[in-house]
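Asker: Pasting in a structure now, in C-alpha cells, and then I'll have a few things to ask.
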Amino acid sequence: MSTETEHTTESDKSDDEHSHEHPSDKKYFQIAGILAILTALEVATYWLESVPGEILIPVLMIMMVVKFFYVAAWFMHLRFDNSLFMKFFVSGLILASVVYAIFLTVFEFWHKG
Amino acid sequence: MTNQTHSEETTTGLSHNKLGMWVFLGSECLLFGALISTYLLYRGRFADGPAPGDIFDIPFTSVSSFVLLMSSLTMVLALSALQRGDERNNRLWLLTTALLGAVFVGGQVYEFTTFLREGLGYTTSPFSSAFFTLTGFHGVHVSLGVIFLMSLYVSSARGNLHKERAETVELIGLYWHFVDIVWIFIFTVIYLVPSPTS
C-alpha cells in the first residue's frame with residue numbers, strides 16, 4: 001500500500017502561481033465544438049424511446065456534468081485562475097446540492113421518481 | 001477610473017471585484033437550486049392543465065439551447081480580443097453575444113406565448129407555476145446580461161473600454177457563462193429527462 005500523494009500540495013501551489021495563462025482562440029473553438037457535439041448527443045436521446053429511464057437519465061446527467069465542467073474550467077477560466085475562486089464557487093454549489101437533496105428527500109421525491 | 005492588476009493592492013493579492021463575483025455566483029447556485037428542486041417536486045402535479053410531456057417542444061428548445069451555448073464562445077472571444085488590445089474584435093464579439101442572448105430571450109417569449117395559447121397559464125397548476133418561475137427567472141438573468149453586454153459595447157464604441165479594463169469584461173463574462181451553465185442544468189433536467197404526460 002504505497003502512499004505517494006503528498007506531492008500534490010506542491011503542484012497545487014504552482015498551479016495557483018501561473019494564473020492568467022489563458023488559452024488561444026483556437027482552443028476555445030475546440031471546446032465549443034465538444035460542447036456542440038455533447039448537446040447534439042443529448043438532444044438525440046429525445047428520439048430514443050426504447051431506452052429505459054434507468055439508463056437514459058444517468059447518461060443525460062453525465063453529459064450535463066461534462067458540459068458544466070467544460071464551460072466552468074475553460075470559458076470561466078477556473079482551470080487557470082487562482083484556486084480560491086473555485087473554492088468559493090464550489091462551496092455554493094455543494095451547499096446548494098446538499099440543502100436541496102435534503103429538501104427533496106423530506107418531500108419524498110425519490111420515492112415518487 | 002482605476003482598474004489595474006490588484007496583486008499589490010489587496011490583502012489576498014486577488015481582485016476583490018472578481019472574488020465578489022465568484023461569491024455572488026456561488027450564492028446564485030442556491031437560488032436556482034431552490035427553483036429547480038421546486039419544479040422537480042411539482043412537475044407531476046398538472047391538475048386539469050397540460051402536462052409537461054404534452055407541451056414541451058424539444059426541437060425548438062434545443063435550438064435555443066445551442067444558441068445560448070454558442071454565446072459563451074463569443075463571450076470568451078470578446079474577452080480574449082480585449083486582453084490582446086484588439087478593441088474592434090472585442091466590440092464585434094460583444095455585439096454577437098448580446099444578439100445571441102436576445103435570440104434566446106425571444107425564443108423564450110415565443111415559447112411562453114405558445115404555452116399560454118395552449119392553455120398553460122402561470123396559475124393553471126403547480127407544475128405551470130414552478131415552470132414559469134424557474135424559466136422566467138433564468139430569462140430575466142439573460143435579459144440583464146444582454147443589457148450589461150450592450151452597455152459594454154456602448155462604452156467601447158465611445159472609446160472607454162481598453163485593455164486595462166479587461167477585468168470589467170471578464171466579470172460580465174463570468175456572469176454570462178454562469179447563466180449558460182444554469183441553462184445546461186435546466187435544459188437537461190426540465191426538458192430532456194422524460195416528463196410526465198396526461
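Asker: Quick one: check the C-alpha center-to-center distance for segment A:66-109 versus segment B:105-179, whole angstrom.
Answerer: Centre-to-centre (Cα) distance: 21 Å.
Asker: If you don't mind, there's one more thing I want to ask. Would you compute, from DSSP H runs of 4+ residues alone, the mean residue ellipticity of chain B at 222 nm, taking -39500 (n - 2.57) per run and dividing by the full residue count, rounded to the nearest 500?
Answerer: Values: 6 runs with 142 residues, N = 198.
It lands at -25500 deg cm²/dmol.
Asker: Within segment B:134-198, list the trypsin sites (Lys or Arg not before Pro) lying in a DSSP loop whose Cβ has at most 14 other Cβ atoms in a 10 Å radius. Could you put the intermediate results ahead of the total?
Answerer: Numbers: sites: B:Arg158, B:Lys163, B:Arg165; in loops: B:Arg158.
Here the sparse-neighbourhood loop sites are B:Arg158.
Asker: For the protein assembly as shown, what number of Lys pairs, 8 or more residues apart or on separate chains, have alpha-carbon atoms under 19 Å from each other? Each step should come with its number before you reach the end.
Answerer: Working: A:Lys13/A:Lys87; A:Lys26/A:Lys67; A:Lys27/A:Lys67; A:Lys87/B:Lys18; B:Lys18/B:Lys163.
Close lysine pairs found across the protein assembly as shown: 5.
Asker: In addition: For segment A:23-81, what does the alpha-carbon gyration tensor say about shape, rounded, prolate or oblate, given a ≥ b ≥ c as the root eigenvalues, a/c under 1.5 as rounded, and a/b over b/c as prolate? Don't skip to the answer; put the middle values down first.
Answerer: Working: a/c = 5.68, a/b = 2.18, b/c = 2.60.
Oblate shape, in that a/c is at least 1.5 and b/c is the bigger or equal ratio.
Asker: Report the Stokes-Einstein translational diffusion coefficient (µm² s⁻¹, integer) for segment B:1-94, Rh taken as the Kirkwood radius over Cα pairs, at 25 °C with viscosity 0.890 mPa s.
Answerer: Numbers: Rh = 17.8 Å.
D = 138 µm²/s.
Asker: Give, as a single signed number, the net charge of other residues whose beta carbon lies under 13 Å from the beta carbon of B:Val189, with Lys and Arg counted +1 and Asp and Glu -1. Write out the running numbers ahead of the final one.
Answerer: Numbers: positive: A:Lys67, B:Arg43; negative: A:Glu42.
Taking every other residue near B:Val189 into account, the sum is +1.
Asker: For segment B:37-176, just say rounded, prolate or oblate: build the C-alpha gyration tensor, square-root its eigenvalues into a ≥ b ≥ c, call rounded for a/c under 1.5, and beyond that prolate if a/b exceeds b/c, oblate if not. Intermediate results must be reported in sequence, preceding the final value.
Answerer: On the way: a/c = 3.20, a/b = 2.88, b/c = 1.11.
Prolate is the answer for segment B:37-176, as a/c is 1.5 or above and a/b outweighs b/c.
Asker: On the Cα set of the protein assembly as shown, report Rg and Dmax in Å, please.
Answerer: 20.8, 66
Asker: Within 10 Å of each Cβ in A:60-69, how many Cβ atoms from other chains are there, averaged over the peptide?
Answerer: That average works out to 4.
Asker: Where does the longest stretch of chain B lie that holds no GluC sites (Glu not before Pro) found in a DSSP loop with 12 or fewer other Cβ atoms within 10 Å? Before the final figure, lay out the partial values.
Answerer: Values: sites that count: B:Glu8, B:Glu9, B:Glu118.
The answer is B:10-117.
Computed from the coordinates by the stated procedures, all read-outs in this text should not be read as laboratory data. What you are looking at is a predicted structure, and each value in this text was computed from that prediction instead of being measured. So basically every Cβ, Gly included, is an ideal-geometry build from the backbone, and we count neighbours across all protein chains shown.
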